[in-house]
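The values are calculated or read from the model by the stated rules, or taken from the named source; none is laboratory data. Just so it is clear, the model here is predicted, and its values are computed rather than measured. Here the Cβ positions follow ideal geometry from the backbone for every residue, glycine too, while neighbour counts run over all protein chains shown. All accessible areas refer to the heavy atoms of the entire protein, side chains included, with ligands and DNA or RNA removed. Shrake-Rupley method; radii C 1.70, N 1.55, O 1.52, S 1.80 Å.
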Amino acid sequence: MILVLAVVAGWPLLRTIWFGFTDAHLANPGGAVWVGWDNYLRHEEDAWRGLLADPLWWRAVGNTLVFTLISVSLETLLGLVIALVLNASFALRGWVRAAVLVPWAIPTIVSAQMWSWILNDQFGMLNDLLLRLGMIAEPLAWTADPSLALLSVILVDVWKTTPFMALLILAALQMLPRDCYDAARVDGVGPVRTFFHITLPLISPALLVAVVFRALDALRVFDLIYVLTPNSAQTMSMSVYARQQLVDFQSVGAGSAAATMLFFVVATCIAVFLVAFRGRLEPGANG
Amino acid sequence: MTVRIRTGSLIRRALFGLLVTGIVLFATFPLYYAVITSFKSGAALFRVDYLPRAIDWQNYIDVFREQPFGRNILNSVVVATTVVAAGLLLSLTAAYALARQRFRGRRLLLLTLLAVTMFPQVAVLSGLFELVRAFGLYNRLSSLGLSYMLFTLPFSVWILTTFLRELPRELEEAAIMDGASPLTILLRVFAPLMGPAVVTTVLLAFIAAWNEFLFALTFTLTSEQRTVPVAIALISGASQHELPWGQIMAASVVVTVPLVLLVLVFQRRIIAGLAAGAVKG
């Protein structure tokens, strides 16, 4: 197991970091020459070049951060609402929970295609619906319009991953002790105060872990953006940027440098998270 | 007084019902819309309908005739099955060691595994690409089989370890007293008890391998070698600028419906697995 992981994770990672310091080309990565920090930053013909001087890279960083921040916040909020609804007992609850799971079960690529059809500027359902309701005056180009593209990507991501959030929060809600609620009812505490003073503090550890997992997942977003808004600088994420350099521009050196940067961003987050949760990370230790 | 309470609770129930309806509609509408689109062809495709009007299987016939989609499905099945089978074998033995044997660096190894779960795949792309080329696996399914171990192994090991630690130690001690070897213990004592955890792991690994896109896109070249997600992403029609939406939706429905059914049938196991992977982790 360790050997396999070393082959598919450890070694390629080291090679990627190394490629980041070379002028490697996709056609012949073996013949790479060490160029030091040139892929990151170099001074050439009176101008700064390289990754750190590329406005497109910073755009990708910004997009990724905005995407992560907004989509994870929305997912947490919606996930919380859905989890609270599913935690109540009502008729057809099993069916509703099944329906909520549907987006999670759909492959990301498929959901990207489904949504790009719904969001289609000419024949899409969303424009038709909004026009009929009189909410917009003319069809919007959801995925092509620079001011809407990132919003569309966030919408689809929220749709796709809210179920994951909802289910994790639901799992936490169902482990809560009943007696706190009985005590609160006896004392005549209203539902809103019960939620903020009992439910939220009790589920916040689980909530935090779910948020961290989703955020780390969102930071590496690739497939959704690649399919929904191809070749758009408005939505390009760090992963999309790295792959574009690597495969489309055949520049393994520059692409690897970008991938290495992304890796260190994510690794830093993971390290902070692991240190913060050190006590709880023993599998099965806390039941 | 009683009347007011009753209308109050009635309104509350109506609002709750509305909220539930909204959630269900939001969650299922895109799939429903894809299904009704897939049954439309020609000009009907470009008219927005909210209810199905006619059922036309043409798109389903076309997607298998005009695209190598049957082959793509076979590729995905082969890759996902291989990854799951090989991954399960490796992760079972590793999880047993991590859960039961005490050795130095055990904790560090577990934390590393957790970190690898959250690894950005693009970070290993160029290194892995070189490796795939060196092994002569480029544009072959085995390149995917190998690279998918990157994300299926860590979480399989994590879930199985979590589960194994909850099994009572007495079982194992009894077996040791009877002179059973570690392998016998794993196969004869734990394997039968681990049915549920194994089902969860297999399902999650299968879904992850089935849905993977980045490696599949990068390590395959010809449309015959593509897996389902790449095929659906790159479907093209007669002309460059006209996407065959009907076929895309038909293909989407073909691969999604079995997956949705699978998830719904096993929803309890999947939720348990996700909770073990994240809430406890």
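From the helices alone, meaning DSSP H stretches of at least four residues, give me the mean residue ellipticity at 222 nm for the protein assembly as shown, per-run term -39500 (n - 2.57), in deg cm²/dmol to the nearest 500.
Using -39500 (n - 2.57) per qualifying helix, the result is -21500 deg cm²/dmol.
Any chance you could get the radius of gyration and Dmax over the Cα atoms of region B:2-56, in Å?
18.4, 60
Can you compute the modelled spin-label distance between B:F103 and B:A43, with each label point 7 Å from Cα toward Cβ, in nm?
Label-label distance for B:F103 and B:A43, simple model: 7.1 nm.
Using Cα springs under 10 Å in a Gaussian network model of chain A, which residue among A:Q113, A:Q234, A:Q122 shows the largest mean-square fluctuation?
A:Q122
Got a number for the accessible area of B:T184? Probe 1.4 Å, square angstrom, nearest 10.
My reading of the accessible area for B:T184 is about 50 Å².
Suppose each label sits 7 Å from its Cα in the direction of the beta carbon; what would the A:L130-B:F29 distance come out to in nanometres?
Output for this residue pair reads 1.2 nm.
Please identify, among B:S181, B:S76, B:S91, the residue showing maximal mean-square fluctuation in a Gaussian network model of chain B using a 10 angstrom Cα cutoff.
Looking only at B:S181, B:S76, B:S91, the largest GNM fluctuation is found for B:S181.
Would you mind getting me the FRET efficiency between A:R185 and B:V78? Use the beta-carbon distance for r and R0 = 60 Å, nearest 0.05.
The formula returns an efficiency of 0.60 here.
Within region A:156-237, list the chymotrypsin sites (Phe, Trp or Tyr not before Pro) lying in a DSSP loop whose Cβ has at most 11 other Cβ atoms in a 10 Å radius.
Sparse-neighbourhood loop chymotrypsin sites (Phe, Trp or Tyr not before Pro): none present.
On the Cα set of region A:82-190, report Rg and Dmax in Å, please.
19.3, 58
Just the number: Rg to Rh for region B:68-278, Cα atoms, Kirkwood Rh, two decimals.
1.04
So what is the orientation-averaged projected area of region B:67-118, using the convex hull of its C-alpha atoms, in nm²?
Mean projected area of the Cα convex hull: 4.7 nm².
Project the alpha carbons of region A:186-260 onto their principal axes and report the range along each, largest first, in whole Å.
Largest to smallest, the principal-axis extents are 68, 24, 14 Å.
Could you give me the percent of Cα pairs per 10 Å distance bin for chain A, shortest bin first, beginning at zero and ending with the bin that holds the maximum distance?
6, 21, 27, 24, 15, 6, 2, 0
Along the three principal axes, how long is the protein assembly as shown when you take its alpha carbons, biggest first, rounded to the nearest angstrom?
Here the spans come out as 84, 75, 52 Å, largest first.
Note down the nm distance, to one decimal, between modelled labels 7 Å out along Cα→Cβ at B:L193 and at B:A180.
0.9
Mind giving me the FRET efficiency for A:T268 and B:D56? R0 is 60 Å, r the Cβ-Cβ distance, nearest 0.05 is fine.
Calculated transfer efficiency: 0.70.
Can you grab the distance from the C-alpha centre of region B:172-251 to the C-alpha centre of region A:62-104, Å, no decimals?
So the separation of the two Cα centres works out to 25 Å.
What accessible area, in Å² to the nearest ten, does a 1.4 Å probe give for B:V199?
50
I'd like the projected area of region B:35-176, averaged over all directions, using the convex hull of its alpha carbons. Report it in nm² with one decimal.
Mean projected area for region B:35-176: 14.8 nm², to one decimal.
Report the residue, chosen from B:I36, B:I73, B:I271, that carries the largest GNM mean-square fluctuation when chain B is represented by alpha-carbon nodes joined by springs under 10 Å.
B:I271
Quick check: convex hull over the Cα atoms of region B:1-106, volume per residue in Å³, rounded to an integer?
It is 256 Å³ per residue.
Please report, ordered by residue number, every helix of chain B (full DSSP H runs) that is 15 Å or longer along its axis going by C-alpha atoms and whose mean Kyte-Doolittle hydropathy reaches -1.0.
Span-like helices in chain B: B:2-38, B:69-100, B:106-117, B:149-166, B:195-211, B:245-265, B:267-278.
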